[in-house]
1. Residues that are in contact (Cβ under 8 Å) with a residue 40 or more places away in the chain and over 15 Å from the mean Cα position of the chain (by Cα), at least 2 per element: which strands (runs of 3 or more DSSP E) completely within the range 49-166 meet that?
2. Give the residue that is modelled with the highest pLDDT, with candidates limited to residues of the range 58-104 that are out of contact with any Phe, Trp or Tyr (no Cβ under 7 Å at 6 or more places or on another chain) and small (G, A, S).
3. Which one of the conditions (1) outside any loop (DSSP other than H, G, I, E, B); (2) modelled with pLDDT of 90 or more does F181 fail to meet, given that it meets all the rest?
4. Considering the range 3-23 alone, what residues qualify as being assigned to a helix (DSSP H, G or I) and surrounded by fewer than 13 Cβ atoms within 10 Å (Cβ to Cβ)?
5. Any idea which residue in the range 198-231 is farthest from A94 (Cα to Cα), counting only those that are modelled with pLDDT of 90 or more and among the β-branched types (V, I, T)?
6. Quick one: which residue in R142, R205, R173, R217 is under 28 Å from F6 (Cβ atoms) and of a type in the set (D, E, K, R)?
7. Name the pairs whose Cβ atoms lie under 6 Å apart, with the first residue in the range 167-196 and closer than 13 Å to M83 by Cα, the second assigned to a helix (DSSP H, G or I), and 6 or more positions between them or separate chains?
8. Does the range 145-154 include one or more residues that are surrounded by 14 or more Cβ atoms within 10 Å (Cβ to Cβ), more than 10 Å from D78 (Cβ to Cβ), assigned by TED's automatic domain parsing to the domain that holds W92 and in contact with a Phe, Trp or Tyr (Cβ under 9 Å, 6 or more places away or on another chain)?
Amino acid sequence: MKKISFKRHRFSPKIIRDAIWLYARFTLSYRDIEDLLAERGLDVSYETVRRWVLKFGKPIATNLRRSRPTPSDHWHLDEMAIMIRGKRHWLWRAVDNEGEVLDFLVQSKRNTKVALKLMRRLLKKQGWAPTQIVTDKLRSYRVAFRMIGLGAEHVDDKRANNRAENSHQPIRRRERKMQKFKSPGSAQRFLNVQSATYNTFYLQRHLINRTDFKHYRTNAFNVWECASATT
């Protein structure tokens, strides 16, 4: 992992890391985090928290992704509508069958060109092709798969795509908290940090006992500390 420099900042790296973690992990605004830090005797403005997220969020997210294990070879692709400045955009999202977020795109179109772009990004990032892909009934997927010669089994049953549908729920909650995204670029930047943090702390606690959950949670915190380690 690449070490991150926190030099020339008045507050300690731990405070900065904790503020970024709170914003990426929970449905909180910058002002909420300002109040949480104030309760601990720290006079940090919400604008400072925003600058921390913008500066350090991307390198931390990059380090988190490098630490993730290889995802499953069953992928789920879906797109959801989001409103940005009164115009409808589409959040294209890919997850595996265990809920791991693989990639995402914020685009103004919902057509074959974007589906093809998403698949090329996925294949380049993962370095291998899946054995099965589940999508909804959107025909653009089938055309895109044919164009790149993808031989994976394609299941276009909406009911079979609940994994991707459920993956949208945290974004819907955040969208309401932020009173909608302000631009496609800001949405893409936020989702970059949020998805990496989500993958790290998504432990599916309903499937494991308490002892194992505590162990996995401790490991998740250790991974976050390593991803945001200082030089």
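1. Those strands (runs of 3 or more DSSP E) span 74-84, 132-134.
2. Checking each candidate, the answer is A61.
3. It is condition (1) that F181 fails.
4. Scanning the range 3-23 gives a single hit, K14.
5. T211
6. Every option except R217 fails the conditions.
7. Pairs that qualify, where the first residue is closer than 13 Å to M83 by Cα and the partner is assigned to a helix (DSSP H, G or I), are F181/A187.
8. There is at least one residue in the range 145-154 that is surrounded by 14 or more Cβ atoms within 10 Å (Cβ to Cβ), more than 10 Å from D78 (Cβ to Cβ), assigned by TED's automatic domain parsing to the domain that holds W92 and in contact with a Phe, Trp or Tyr (Cβ under 9 Å, 6 or more places away or on another chain).
The values are calculated or read from the model by the stated rules, or taken from the named source; none is laboratory data. Values in this document were obtained by computation on a predicted structure and should not be read as measured data. Glycine also receives a Cβ, built like all others from the backbone with ideal geometry; neighbour counts cover every protein chain displayed.
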